[in-house]
Each structure stands twice: as structure tokens, then as C-alpha cells.
Amino acid sequence: MKLVVFDCDGTIVDSQVGIVRAMEHAFTSQRMVPPTRERILAVVGLSLFEACSALAPEAEYATRAELAERYKVAFRTLHRDLADADVLFPNAKETIDRYVASNEHMLGIATGKARRGIDRLLEREGWLTAFATIQTADDHPSKPDPSMLVRAMAETDTKPEATVMVGDTSYDIAMARAVGVFPIGVSWGYHSVDELVDAGAGAIVRSFAELPAAIESAWRTKSRAA
């Protein structure tokens, strides 16, 4: 079977409200000036410590580590209090549920999100058995290192030519290209279409409704290349 791997934040769910507020809280709690919303969203997709390091490159290692810890605490609190935390993008559930019901492909997740957050999402949406492989920041170096995709393919006994990666950031695209996986960029996430194209996206979709056709086109492209 073929494998479709999804990023989470910015691809399946819109987490920007919680992400921005939690990062602002982390910085203010350290008496540091918070980054702008644009800068915060630009590092979504990196693992948390790497994201904090990118936002505060001048800070000492211990300060960046503390920012990451304070972010985690704030984000968990916000998830309990915000109605708009981790909102599914339009047609995300319908599209994923359709793939699960059809048994045409295996599904996977490769995300900079912690496993705890992924488990909460999967339970909420009834997806506890939907994904054959789940790779998170808890067990891997940050994207664009390809470790998550390498493990995902190993766990599902899938080759790069039978795998596609669906993501919203240049980190997702670079990760896929590093191991010969076809990268599909989504236009509704946290990096611009131009950034996705520049990173080497093989296709861009502008809604979940367009995704199945893009995935099928990716298989045909790979078949011709082979």
C-alpha cells in the first residue's frame, strides 16, 4: 500500500491562536519582548526548542530552554480555555475519514507537535486507529531533518516512491525532498505559497477538496519517473 503522511499544525488543524498566545506568554514571563505574530507563525513546524532558538537567537541556551518550557505550560492551559484551539481546517475530517474508510492508502503523521497534543487530537476526532504511523517531536530531531519520514516509512514498510508528504511549511517540503518523497504543499497554512514553491513543492493544493486528485497525480508522476 501507499503512504500519505500529514503534517499537523497548519495542515490538519489551525492552531495559530494558541501558538501565538502561548509564545507571547513565554516571552513576557521571561521579561522579553514577544516576537510578532508573523515571526511566530513562520517557525511553526520546527520542534519547540528550535523554534524558540529561531525567535531568540541572541538568548543563552538556558533561556531558550526556559522559553520552551513556559510555552508548553501556557499552551496546555490555553487548550483547556480556548474554544478556537486546534480547529480543523475545512474538509480535513471528511477527507481523512474518506481515506480511512476506503483502505486505499495508509496514513501517517509527521509533526513538530508533541505526542501528547497529537493523542488529544486523535481522541477528539475519533482517529485513534486512523494513522498507521505517528512521528512527533518527542522522538526526533526538528524538521527539516528527514528522521520522521525515514521512521514512518520503516514502520509501514513503504518506499519513498510510494510515499507523499502533505504539509504547509518549507520545512515539510525540504524534509520530503531529502529522502525522495513527493512533497505536496497546502496554501492555507503558515508559510506562503511562494515559500513552498521555492522549497521544491511538487504540487500546491488550495483546499482539502483538491488533495485526493493531487495525491493521485503524485503517484502518476512517480510512476513515469520510475
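Only one of the numbered conditions (1) at pLDDT 90 or above; (2) open to solvent by less than 70 Å² (accessible area, probe 1.4 Å); (3) within 13 Å of the chain's Cα centre (by Cα) is not met by residue 115, and that is (2). Residues in segment 208-224 that are open to solvent by 50 Å² or more (accessible area, probe 1.4 Å), among the hydrophobic types (A, V, I, L, M, F, W, C) and out of contact with any helix residue (DSSP H, G or I) (no Cβ under 8 Å at 6 or more places or on another chain): 213 alone. The residues of segment 59-68 that are of a type outside the set (Phe, Trp, Tyr) and more than 13 Å from residue 27 (Cβ to Cβ), listed by number, are 60, 62, 65.
Taking residue 178 as the residue in question, decide whether it is open to solvent by 40 Å² or more (accessible area, probe 1.4 Å) and touching a residue at least 24 places away in the same chain (Cβ under 8 Å). Criteria met by residue 178. Scanning segment 48-62 for residues that are part of a helix (DSSP H, G or I), in contact with a helix residue (DSSP H, G or I) (Cβ under 9 Å, 6 or more places away or on another chain) and loosely packed, with under 15 Cβ neighbours inside 10 Å gives a single hit, 61.
A quick yes/no check of all residues on (1) part of a helix (DSSP H, G or I); (2) open to solvent by 10 Å² or more (accessible area, probe 1.4 Å); (3) of a type in the set (A, V, I, L, M, F, W, C):
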{"position": "98", "(1), (2), (3)": "yes, yes, no"}
{"position": "108", "(1), (2), (3)": "no, no, no"}
{"position": "123", "(1), (2), (3)": "yes, yes, no"}
{"position": "129", "(1), (2), (3)": "no, yes, no"}
{"position": "166", "(1), (2), (3)": "no, no, yes"}
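Residues are listed down the side, and each one gets a yes or a no for (1) in contact with a Phe, Trp or Tyr (Cβ under 7 Å, 6 or more places away or on another chain); (2) more than 25 Å from residue 174 (Cα to Cα); (3) in contact (Cβ under 8 Å) with a residue 12 or more places away in the chain:
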{"site": "8", "(1), (2), (3)": "no, no, yes"}
{"site": "11", "(1), (2), (3)": "no, no, yes"}
{"site": "18", "(1), (2), (3)": "yes, yes, yes"}
{"site": "34", "(1), (2), (3)": "yes, yes, no"}
{"site": "43", "(1), (2), (3)": "no, no, yes"}
{"site": "57", "(1), (2), (3)": "no, no, no"}
{"site": "61", "(1), (2), (3)": "no, yes, no"}
{"site": "74", "(1), (2), (3)": "no, yes, yes"}
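Take residue 205 and tell me if it is open to solvent by less than 70 Å² (accessible area, probe 1.4 Å), at pLDDT 95 or above and in contact with a helix residue (DSSP H, G or I) (Cβ under 7 Å, 6 or more places away or on another chain). Judged against the criteria, residue 205 is a match.
The values are calculated or read from the model by the stated rules, or taken from the named source; none is laboratory data. Computed from a prediction, not measured in an experiment: that's the story for all the values here. Cβ sites come from the backbone with ideal geometry, for glycine too, and all protein chains shown count toward neighbours. Heads up: the accessible areas ignore ligands, DNA and RNA and are worked out on the full protein's heavy atoms, side chains in. Shrake-Rupley method; radii C 1.70, N 1.55, O 1.52, S 1.80 Å.
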